[in-house]
Amino acid sequence: MFTVDRESNRISPVTATTFDELGLRERDHLQEWLAHEPSALGEELLIIQKEFAGFTDTRERLDLLALDKDGNLVIIENKLDDSGRDVAWQAIKYASYCRSLKKGEIVDIFQQYLDGHVGEFNDGDDVDASSQICEFMNASDLDEVRLNPGHGQRIIMVARSFRKEVTCAALWLIDYGINIQCHKVTPYSLGEKILISVEQIIPMPEADELMISIRQKEEQEKNTQIELRKSEKLRLKYWELCLESFQGSSCDLYNNINASKDHWLSAGSGMRGCPYSLIFGKNELRVEIVLGRSSTKENKLVFDFLHKSKEEIEGNFGETMEWRRLDEKISSKIQFSCKMDGYDEDLWQGYIQWHLEYMTKLENALKKPLLEAQNQLSNEGWQIESLNN
C-alpha cells in the first residue's frame, strides 16, 4: 500500500504492521469491525450473533454467525496475526454444529442478538428479527424464506497470515464442494491512523466468481423443472389481473411490464435507478419509489431534496407517507402501505383498485418534484440522467 504525493508525483510506502504491535485484540477489535461492517468481506452479510455458544454438549464459541443473501449460514472465524494450525478444523466443527439449526432457531438466535444490542440497531425501539431477515433477503414474508438449506453452510476464515496447513486444507475442502474462504487482513500504520486491508486469497476472486456462476446456472436449471410454489403462483395470477386493470387506466407506467412471480412489480420513473414499485405481500400492499442508484450520496441527495417538499407531496398524494432515508443502506424509499390478507383471492379486486389508485397518486405527486430534483442536482454538477431519457 502506498500514499501518493500529487505535488511531487511520487509514491511512498505505508508501513505494514501487526495487530500485536498495535495493541489490538481479536474479540475487542477485529471481531467488532467485521460485525459492524461485514461488507469488508466482499459481500452483503447479515450478522445474526457474536460469540455464539448455542451448541449442545460443548462450550465452544464461534466468533461471528451470519446469513448470506441465499439464506446460508456463514461461520466467520477470526484470528489476528497468525491463523494457527487448527483454525480450519475449528471452523469445520462449528459448521457441522450449525447444520441442524432450523429456521425458528435461527430467528431466535438473531432476536437474542438484536435484544442484546438495542442501541446499535435503532433508537431504542424493539427490532423484530423476522422482519430484518425478510428485508435483507428481499422477501415479503418469513414463510417464503429458506434458511440454512441442506449442506449450504459456509466458512470464512480471517487472519493476517495463514499457515500452509490451513491453506492446503482449505483448497482440498473446496475441491470437495465445501464453500470455504480465507481472507487476509493486513493492518497499516499511517501516522496516528490505522488502515486495514482485507483481501480474499482463497479461492481467488476470479475462481470464486466462476464457481458461483456455475452453481447459479445449475440452480436456475433445477428451478425451471420445479413447479412454482403456491405463493409464486398466486402472485403471478394477481399481477396478471392487476396489469389488466392498469392497461385500461390513466396510469401508463406498467403498459410494457410483464407479470412476475415476485412480490414486487417495478416500472421506471424516468430517473435511472429510481423505479416505482407495487408490492403485493401476504400481509401487506404497498406503493413506493425506491431511490436505488449505485451512489449512496446521490440517493440521499435526491431523498433530502424531495423531503423538503414533503408537505406539498403528501398534500397532492392525499395521505401521510413513510419517508425512509435508510442511512445505513445505499438506497432510500418513500412509500405508502396498508395491512390486509393479500392471499384471499375473493378480495383481490379491491386490492387491485387500491394499487391502481395509490400508484396513480404517487406518480402524480412525485412527477414535478422529481423533475425539480433532476434540475437542481444537474446544476450542482451531479451526473444524473435526464428524466426524459
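Name the pairs: first residue in the stretch 233-247 and under 13 Å from GLU345 (Cβ atoms), second residue assigned to a helix (DSSP H, G or I) and of a type in the set (Ser, Thr, Tyr), Cβ to Cβ under 9 Å, at least 6 apart or on different chains?
Going by the 9 Å Cβ cut-off, the qualifying pairs are TYR238/TYR351; CYS242/TYR351.
Looking at (1) at pLDDT below 90; (2) more than 22 Å from the chain's Cα centre (by Cα); (3) surrounded by 18 or more Cβ atoms within 10 Å (Cβ to Cβ), can you tell me which one GLY177 breaks?
Checking GLY177 against (1) at pLDDT below 90; (2) more than 22 Å from the chain's Cα centre (by Cα); (3) surrounded by 18 or more Cβ atoms within 10 Å (Cβ to Cβ), the one that fails is (3).
Are there any pairs with C-beta distances below 8 angstrom linking a residue in the stretch 142-165 that is touching a residue at least 24 places away in the same chain (Cβ under 8 Å) and among the aromatic types (Phe, Trp, Tyr) to a residue that is assigned to a loop (DSSP other than H, G, I, E, B) and open to solvent by less than 10 Å² (accessible area, probe 1.4 Å), with the two at least 6 apart or on different chains, and if so which?
Pairs found: PHE162/SER83.
Each row is one residue, and each column tells you yes or no for (1) open to solvent by less than 30 Å² (accessible area, probe 1.4 Å); (2) modelled with pLDDT of 95 or more.
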site	(1), (2)
PRO13	no, no
ARG27	no, no
ILE47	yes, yes
ALA53	no, no
ASP57	no, no
VAL74	yes, yes
SER83	yes, no
ASP86	no, no
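Write out, first by first residue and then by second, each pair whose Cβ atoms fall under 9 Å of each other, whose residues are 6+ apart or on separate chains, and whose first residue, in the stretch 76-89, is at positive phi and touching a residue at least 40 places away in the same chain (Cβ under 8 Å) while the second is assigned to a loop (DSSP other than H, G, I, E, B) and open to solvent by 40 Å² or more (accessible area, probe 1.4 Å).
Final answer for the pair search is GLY84/ARG163.
Return the residue satisfying two criteria in turn: it lies in the stretch 144-159 and is within 29 Å of ARG27 (Cβ to Cβ) and in a loop (DSSP other than H, G, I, E, B), and of such residues it is nearest to the chain's Cα centre (by Cα). Walk me through it before giving the result.
If we filter the stretch 144-159 for residues that are within 29 Å of ARG27 (Cβ to Cβ), which is where we start, we get 147-148, 152-159.
Right, trim to in a loop (DSSP other than H, G, I, E, B) and you get 147-148, 152-153.
Details: LEU147: 15, ASN148: 17, GLY152: 18, GLN153: 18 Å.
Only one residue tops the list, namely LEU147.
Out of (1) more than 30 Å from MET137 (Cβ to Cβ); (2) touching a residue at least 12 places away in the same chain (Cβ under 8 Å), the odd one out for ASP5 is which?
The one condition ASP5 does not meet is (2).
Please determine, by comparing only the residues of the stretch 134-174 that are open to solvent by 30 Å² or more (accessible area, probe 1.4 Å) and small (Gly, Ala, Ser), which one is farthest from LEU80 (Cα to Cα).
SER140
The values are calculated or read from the model by the stated rules, or taken from the named source; none is laboratory data. What you are looking at is a predicted structure, and each value in this text was computed from that prediction instead of being measured. Cβ: placed from backbone, ideal geometry, glycine included. Neighbour counts: every protein chain shown. Remember, those area values only see protein heavy atoms, side chains included, never the ligands or the DNA or RNA. Shrake-Rupley method; radii C 1.70, N 1.55, O 1.52, S 1.80 Å.
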